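Undergrad: Below: one structure in structure tokens.
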Ligand code: 6PG
């Protein structure tokens, strides 16, 4: 069989992607550093194995693919990607294409695109975990449009399809744009997960709900406005039982969150862009705090800060989640808009919302309405779109109640609070930065603008008269 595409790296994600590609009718040549893995993926592919060409050297991989070739890399982000590019490039020809489908830092993708010579390079964000890769991920491509168009038939065939049938695979923009959008996706993923963890904490420690009861609450929410993959799996994992002890799974898991860095990259990049994404920043911070297990135990021993009972209804928690989610996405899309201006990318916000509707980890019903609202006016803050302004009016008071009650009861709700305070700042015409301007002018003669437009741009700061 002449393969139509190749793939390097048969870990969980790579193997799933290869099977997906084969299943959609595209013969694929595969190579893995450990050759036995290649053989077992091939032999384990059942009916799909005739469409999978196992190869034991990179030269054999390249030779097995029809020209112009395209090879997907699914290897760990960072140096391994550069190593694979260096190893493959001499074996490939002008017009061939290497596609990095890992979770690359988009700055690396910018560099790799700029450095690409006769062998072209695309950076592509792939979301949806193993199941997504196998049955339909969300794909965010970046690089030269012509290169994307060449492989788009395969990528759209393997991608998830939204309810209206649209494939969730799109070219996002030049160079690192695809990996940038994937990074923001992951920042929002962190934020959605953190807000879920915060209301879970209030249910567990403030309302005394069992894991099974928590599961029921999330299952209920999943039939409403919050319908989403992350709410759905929260219901599932909360209902699971530990085979070793018979206890609910969540109750046996250490409360220290891992992270591979994409959420952190989002927060760092947001700072570079001067784009406020406080809910995402709070989520990254909370993962970092969670990892300090011994320090937290010492804090509790000294201050006895275990969270106490609260008088909040489960409905108020749902409403707070709805408001928090809208605010978080408004921030995320605002950051993407800022990046488009800064990097000169033609980032299409409604298209990004559409690509996130299915396949990816943050997929949710709300993204349908977000796509529609952004299509009306991509430059408008999402919180001002009529659909979401109404939802914020209806659900914002509950967010305020949950943050307030949570604070009084000793429940840490940093992401929900960050959303609320951003909202309060964004709906305050006369803020307090006039004081900061006064201080800056006092100690550094930095100047300020006057409300009345008069032309005095400095003090005087000594008492007059
Ligand atoms: C996805 C996910 C995925 C990410 C994991 C782990 O869209 O499928 O974002 O790409 O690697 O969720 O991320 P952390 O280890 O940083 O939590």
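Values quoted throughout were computed directly from the atomic coordinates according to the rules given, and no laboratory measurement underlies them. Predicted model only: the values in this text are computed from it and were never measured. Reconstructed Cβ throughout: ideal geometry from the backbone, glycine too, with neighbour counts over all protein chains shown.
Undergrad: With N set to the residue count of the stretch 46-117, report its C-alpha Rg divided by 2.2 N^0.38 Å to two decimal places. Before the final figure, lay out each step's value.
TA: Details: Rg = 13.2 Å, N = 72, 2.2 N^0.38 = 11.2 Å.
Relative to the rule-of-thumb radius for its length, the stretch 46-117 sits at 1.18.
Undergrad: Rounded to the nearest 10 degrees, what's the angle between the helix 262-272 long axis and the longest principal axis of the chain, both from Cα atoms, 0 to 90?
TA: Its long axis makes an angle of about 60 degrees.
Undergrad: Compute the distance from the alpha-carbon center of the stretch 262-304 to that of the stretch 112-133, in whole Å.
TA: Here the two parts' Cα centres lie 29 Å apart.
Undergrad: How much of the DSSP bridge set in the stretch 5-175 is antiparallel, in percent, rounded to the nearest 5? Let's see the in-between values first.
TA: Details: 6 of 28 bridges.
Bridges in the stretch 5-175 that DSSP calls antiparallel: roughly 20 percent.
Undergrad: Convex hull over the alpha-carbon atoms of the chain: what's its volume per residue in Å³?
TA: 197 Å³
Undergrad: A follow-up question, please. Label the stretch 1-56 by shape, choosing from rounded, prolate and oblate, from the square roots a ≥ b ≥ c of the eigenvalues of the Cα gyration tensor; if a/c is under 1.5 it is rounded, and otherwise prolate applies when a/b is larger than b/c, oblate when it is not.
TA: The shape class here is rounded.
Undergrad: Here's another thing I want to ask about it. If you line up the long axis of helix 79-88 against the longest principal axis of the chain, both from Cα atoms, how many degrees apart are they, to the nearest 10?
TA: Helix 79-88 sits at roughly 30 degrees to that axis.
Undergrad: Let me ask something else. Rg to Rh for the stretch 295-417: what is it, with Cα atoms only and Rh by Kirkwood?
TA: Radius of gyration over Kirkwood radius for the stretch 295-417 works out to 1.09.
Undergrad: I would also like to ask the following. What share of the DSSP beta bridges in the stretch 49-147 is antiparallel, in percent to the nearest 5?
TA: 40 percent
Undergrad: Measure out, as a whole number of angstrom, how far apart the alpha-carbon centroids of the stretch 8-67 and the stretch 68-104 sit.
TA: Distance between centres, Cα-based: 15 Å.
Undergrad: Separate question: Taking 7 Å along the Cα-to-C-beta vector as the label spot, tell me the residue 342-residue 240 distance in nanometres, rounded to one decimal.
TA: Spacing of the two 7 Å Cα→Cβ label points: 3.6 nm.
Undergrad: Sticking with this one: By counting other Cβ atoms within 10 Å of each Cβ, how are 36, 210 ranked from fewest to most?
TA: 36, 210
Undergrad: Nearest 5 is fine: what % of DSSP beta bridges in the chain come out antiparallel, could you say?
TA: About 25 percent, rounded to the nearest 5.
Undergrad: Order by neighbour count: 343, 443, fewest other Cβ atoms within 10 Å first, most last. List each step's numbers first, then the result.
TA: On the way: 343 17, 443 9.
In increasing order of surrounding Cβ atoms, one gets 443, 343.
Undergrad: Taking the 0 to 90 degree range and rounding to the nearest ten, how far is the long axis of helix 278-290 tilted relative to the main principal axis of the chain, both from C-alpha atoms?
TA: 80 degrees
Undergrad: Something else: Taking the beta-carbon count within 10 Å as an exposure proxy, list 8, 75 from fewest neighbours to most.
TA: The most exposed by this proxy come first: 75, 8.
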